Amino acid sequence: METSKKFRRTILVVDDEAVNREMLGEILSQHYNIVFAEGGKEALAKINSLRERISLILLDLLMPEVDGYTVLETVRKDSELSKIPIIVLTSEESAEVKSLQMGAADFLTKPYDLPEVILARVQRSIELAEDSKIIQLTERDVLTGLYTKEFFFEYARQLTQRNPDTVMDSIVINLSSFHLINELYGRSFGNTILQTISSDISQLAREGHGIGCRYNADGFYLYMANHWNYDKPLERIKYHLSELLKSTEIHVRMGVCQGTYRSSSIEESFDRALYACNSLRETFGSAFAIYDDKMHKQELRKARILGDFAEAVEKKQFKVLYQPKYNIQGKFPVLSSLEALVSWNHPEFGMMKPDSFIPQFEKNGLIQKLDKYVWREAAEQMRKWQEESGSTVPVSVNMSRVDLHDPKIVDYLLLITKENGIPPEHFLLEITESAYIEENCIISESVDKLRKAGFKIEMDDFGSGYSSLNLLASLPIDALKLDIGFIHNIARDRKALYLVQVVLTVAKQFKIPCVAEGVETKEQLELLKKAGCDIVQGFYFSKALPPEEISELRRNGLKR
């Protein structure tokens with residue numbers, strides 16, 4: 001079996017003197033594959049045909065017809081060929097300087113140095129060029145040619161240091177629903193879209209004395225001199241995309257953090273630009289947003305909310321209130337259970353509703369800690385009510401999808417119910433419809449374990465998303481909660497009422513009791529009762545109350 005030949009790089013030797021070609025060939029052929037060209041014209045033809053193989057060009061400058069300067073200039077103008085290092089062969093000092101200015105990597109002086117010197121300079125030029133290619137691959141995104149994120153920030157810092165008096169803007173550009181373009185037209189066309197955007201960004205960077213970056217699949221950064229009219233660059237990008245897609249329905253978002261808001265950290269200024277860009281998520285069409293005082297205050301408030309979480313738990317600033325739920329199918333409404341709802345009595349912001357802080361906790365991984373806090377508070381309160389009256393009332397608590405991914409969640413819930421002497425079936429667990437839909441298999445598996453442990457499961461917010469009645473047949477649930485938006489118009493919209501009636505009818509066939517949220521009027525109540533709804537909650541009966549008022553409500557009964 002023949003051993004494979006050692007990999008050998010290819011060198012093109014260009015010289016119209018045969019003796020020079022032979023001399024260089026003799027020196028280099030022991031280590032490299034040598035290709036010869038007798039003049040500039042032949043050299044250009046071989047460079048083009050062998051461009052993927054040539055590692056170095058040795059180029060004589062003084063040749064008839066097409067000289068070495070012309071070859072050098074032609075190679076340097078080609079973005080791919082320019083990566084091939086060129087060592088010029090000359091006996092004139094002025095030619096050495098000129099050729100280096102034109103992009104030559106090195107020069108060899110005639111008459112030639114010792115063979116060892118020639119070999120060393122050739123090897124060094126090839127190594128430097130190959131190292132440069134490796135660096136280029138890591139600092140540039142292969143598809144778009146823009147900087148990668150890591151190199152971008154380093155060059156942005158250098159740009160700022162070299163131009164301390166120039167006000168620079170940080171810009172984030174994002175193409176909405178890019179994944180749909182890939183699905184509809186294919187990944188190759190999607191790449192063309194990204195290259196088109198990057199071309200515009202490169203042009204904007206040149207015009208604004210800045211640099212561009214691809215920071216994720218369909219997002220771009222641009223760092224450039226302050227620009228007060230962002231309609232024009234946004235329209236340029238949209239125009240080129242619409243030409244490709246043959247549609248004007250192109251949605252490009254742009255967030256800008258102008259120099260006046262830039263902090264000491266360039267990364268932070270891009271976080272602010274991204275914040276502005278994300279503020280346009282629900283905006284139809286293309287638009288840009290500039291980070292301003294209002295956004296700054298919102299961001300500071302969100303940071304404060306996250307930063308104050310631990311202290312709020314420690315000092316019990318989170319207050320758990322309880323909204324009564326009534327069974328309405330008898331002659332008189334009867335209190336059947338309660339829903340635990342959390343508010344935050346913040347020392348600076350006052351009493352905060354859950355929708356002002358829970359979304360932040362969901363995004364930043366704190367929601368499970370808050371859930372466990374509420375569960376413990378609710379379980380302890382259920383024990384107190386039981387001690388007061390000798391009987392307990394079921395309480396429903398919210399579970400996030402993060403909780404359902406916790407392998408120890410069943411053990412934790414069993415622990416707090418056991419510690420407080422509460423039957424698991426009285427500790428009701430509410431899980432949103434969206435969690436069921438988006439992570440069906442995982443959620444169903446967790447719900448099965450919870451139900452086997454004795455807990456009852458309520459699907460919350462049914463009707464707020466893309467509901468399917470098939471869910472009622474296929475998912476493990478013990479009760480269905482109709483979203484407030486689902487029933488809001490039933491008193492004045494016949495179609496809305498009919499839809500609720502259909503859901504209630506199907507649920508009854510599967511023996512799944514239904515709870516209607518947000519009942520505010522007697523008319524809504526009577527329509528739901530007639531349609532077969534079992535339980536309602538809402539301001540018609542009561543808002544969420546503190547524990548002591550629930551105690552009084554239980555003692556005195558329903559007063560209406």
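The values are calculated or read from the model by the stated rules, or taken from the named source; none is laboratory data. Just so we're clear, the structure is a prediction, and the values are computed from it rather than from any experiment. Virtual Cβ from ideal backbone geometry, glycine too; neighbours counted across all protein chains shown. Only protein heavy atoms, including side chains, enter the accessible area calculation; ligands, DNA and RNA are left aside. Shrake-Rupley method; radii C 1.70, N 1.55, O 1.52, S 1.80 Å.
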Reported to the nearest 10 Å², D478 has, with a 1.4 Å probe, an accessible area equal to 40 Å²
Cβ crowding within 10 Å averaged over residues, with 162-171, 51-60 ranked highest first: 51-60, 162-171
Would you work out the relative contact order for the chain, in percent, from Cα pairs under 8 angstrom that are 6 or more residues apart? 7 percent
Measure up K508/K530; K384/K481; K77/K232; K452/K530; K408/K508; K149/K294 against 24 Å on the Cα-Cα distance and list the ones that go over. K384/K481; K77/K232; K452/K530; K408/K508; K149/K294
What one gets for the chain as the Kirkwood radius, inverse of mean 1/r over different Cα pairs in Å, is 30.1 Å
Counting only protein heavy atoms and using a 1.4 Å probe, what share of the accessible area of the stretch 277-335 belongs to carbon plus sulfur, as a whole percent? 55 percent
Using a 1.4 angstrom probe and counting only protein chains, how large is the accessible area of R124 in Å², to 10? 130 Å²
For the chain, with the dipole built from +1 on Lys and Arg beta-carbon atoms and -1 on Asp and Glu ones, taken about the Cα centre, which of S99, I484, Y498 lies farthest toward the positive end? Y498
For the stretch 184-192, Karplus couplings with θ = phi - 60° (6.51, -1.76, 1.60), whole Hz, Gly/Pro x: 7, 10, x, 5, 4, 5, x, 5, 4
Could you name the lysines in cross-link range of K363, using Cα to Cα under 20 Å and dropping any fewer than eight places away on the same chain? K297, K302, K353, K372
Based on Cα coordinates alone, diagonalise the gyration tensor for the stretch 65-211, multiply each eigenvalue by 5, take square roots, and list the semi-axes in whole Å, largest first. 39, 20, 15
Whenever you get a sec, compute what percent of the accessible area on the stretch 97-221 sits on carbon and sulfur atoms (1.4 Å probe). 54 percent
Restricting to DSSP loop positions (anything but H, G, I, E, B) with no more than 15 other Cβ atoms inside 10 Å of their own Cβ, which chymotrypsin sites (Phe, Trp or Tyr not before Pro) remain in the stretch 109-202? Y112
Given charges of +1 on the Cβ of Lys and Arg and -1 on the Cβ of Asp and Glu, with all other atoms neutral, how large is the dipole of the chain about its Cα centre, in debye to the nearest 20? 2580 debye
Accessible surface, 1.4 Å probe, highest first, among residues K297, K133, K511: K511, K297, K133
Expressed in square angstrom to the nearest 10, the accessible area of E377 with a 1.4 Å probe stands at 50 Å²
Segments 267-275, 93-101, 14-22 sorted - mean Cβ within 10 Å per residue, highest first: 267-275, 14-22, 93-101
Chymotrypsin sites (Phe, Trp or Tyr not before Pro) within the stretch 482-521: DSSP coil, no more than 11 neighbouring Cβ in 10 Å: F510
Which angle from 0 to 90°, rounded to the nearest 10, does the C-alpha axis of helix 149-162 make with the longest principal axis of the chain? 70 degrees
Accessible area per residue for the chain in Å², computed with a 1.4 Å probe and the full protein assembly in place, what is it? 53 Å²
For helix 494-509, what angle does its Cα long axis make with the longest principal axis of the chain, in degrees from 0 to 90 and rounded to 10? 80 degrees
Would you mind checking the tilt of helix 367-389 against the longest principal axis of the Cα atoms of the chain, expressed as 0 to 90 degrees and rounded to 10? 10 degrees
